[in-house]
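Heads up: the structure comes next, in structure tokens.
The values are calculated or read from the model by the stated rules, or taken from the named source; none is laboratory data. Since the model is a prediction, treat every value here as computed from it, not as a measurement. We place every Cβ from the backbone using ideal geometry, glycine too, and count neighbours over all the protein chains shown.
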Amino acid sequence: MRILRFAMIIAACLATTATTTTAEEPTYRIQLARPLKAGHVYRIDGQSTMSAVFTDYDGGKEGKKTTQAMTLRFVADMTADKVDDDGSILLARFAVKTLAMTAGGETNDVLPEGTIIEQRKGEVGVELLVGGEMLDDSLAVPLGELLLGQDHVSELQGLNPPLPVAVGESWPAVLPPRVRKVFTDMIEMEEDKIDTIEISGKLEKAEAAPVNRTHVVITLGSADQEYRVKDGDSMKFYGTTTFHLPLEPTSPAISWDRQITMIMKSQDADGNLTLAATMGQITTVTLSPVPKD
């Protein structure tokens, strides 16, 4: 379903380096996802759980209710074969360790261990192929969003604050172009309404040695803001992504977790409610050096 697929797409990555204005109040420069170099090999370990409740209405009265839930687990060794000048992946290979989907109480392997998934940079998001054939959207969409946004590094600069920030500081951010495209293409939201969507960043915590890590939260949307979309439908969308980032600016060993909620309501020409959908997603991803055998 289009609105469930929409809830599975949005993603972005950040990175940080530290500066200090005084000994009492260090500040940290926030910068976008860690650029990769050709030949880099890392272990990606991710899981995303998506749930949805759809309620039909007839004449404004609540009717049938349908619940869906799915969890995707993905562990693979990634090799960056080709990158551009910004460090965005143009071509990468994933040697699958685990790729399994759980739905209806059953867990099944989607692809066997040892399968090679090829990632190519697309116009929006990534293209994923096995044996030269594109993966079906039912797998490519949830899998693609676990790949840490390393395919479009430069366009996400709008998430960064213009100056270094101290712990507790917030800043207004700019919606990445790929996220805007999701709103326009999949939800058919008008450009002026997209501009009203709230997005901000905050440096929640910084840990000194031996941890040497910062924790940055990006907030998108608001539980209190309702947006009108096509045909009089309405939508609420809100979520947070917390990035756990090494202070070392060249280290791509990041992790992040995200929680998203989206509520959509459809009406008929008379203004009667016909469908309500509540969707949620919880995602965790870690990128780290490949463990030694």
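Miscellaneous remarks
- Every pair of residues 6+ apart whose Cβ atoms lie under 6 Å, when the first sits in region 251-275 and is modelled with pLDDT of 85 or more and of a type in the set (S, T, N, Q) while the second is in a loop (DSSP other than H, G, I, E, B) and surrounded by 15 or more Cβ atoms within 10 Å (Cβ to Cβ): Ser266/Asp233
- Positions within region 96-111 being assigned to a strand (DSSP E or B) and either surrounded by 17 or more Cβ atoms within 10 Å (Cβ to Cβ) or touching a Phe, Trp or Tyr at 6+ places or on another chain (Cβ under 6 Å) (or both), in sequence order: Val96, Leu99, Met101
- Those residues of region 169-190 which are assigned to a helix (DSSP H, G or I), of a type outside the set (A, V, I, L, M, F, W, C) and under 30 Å from Leu203 (Cβ atoms), in sequence order: Pro177, Arg178, Arg180, Lys181
- Selection of region 48-72 for residues being under 19 Å from Trp256 (Cβ atoms) and buried (at least 19 other Cβ atoms within 10 Å of the Cβ) yields Ser48, Met50, Leu72.
- Subset of region 123-153 (residues that are assigned to a strand (DSSP E or B), hydrophobic (A, V, I, L, M, F, W, C) and modelled with pLDDT of 85 or more): Leu128, Leu129, Val130, Met134
- The residue that is surrounded by the most Cβ atoms within 10 Å (Cβ to Cβ), among those in region 246-280 that are among the polar types (S, T, N, Q) and more than 23 Å from the chain's Cα centre (by Cα), is Ser266.
- Of the residues in region 112-121, none is surrounded by 14 or more Cβ atoms within 10 Å (Cβ to Cβ) and either touching a helix residue (DSSP H, G or I) at 6+ places or on another chain (Cβ under 6 Å) or among the small types (Gly, Ala, Ser) (or both).
- Verdict on Ala166 being more than 19 Å from Gln281 (Cα to Cα) and surrounded by fewer than 18 Cβ atoms within 10 Å (Cβ to Cβ): yes
- Selection status of Val211, without any contact (Cβ under 8 Å) to a residue 60 or more places away in the chain and part of a strand (DSSP E or B): no
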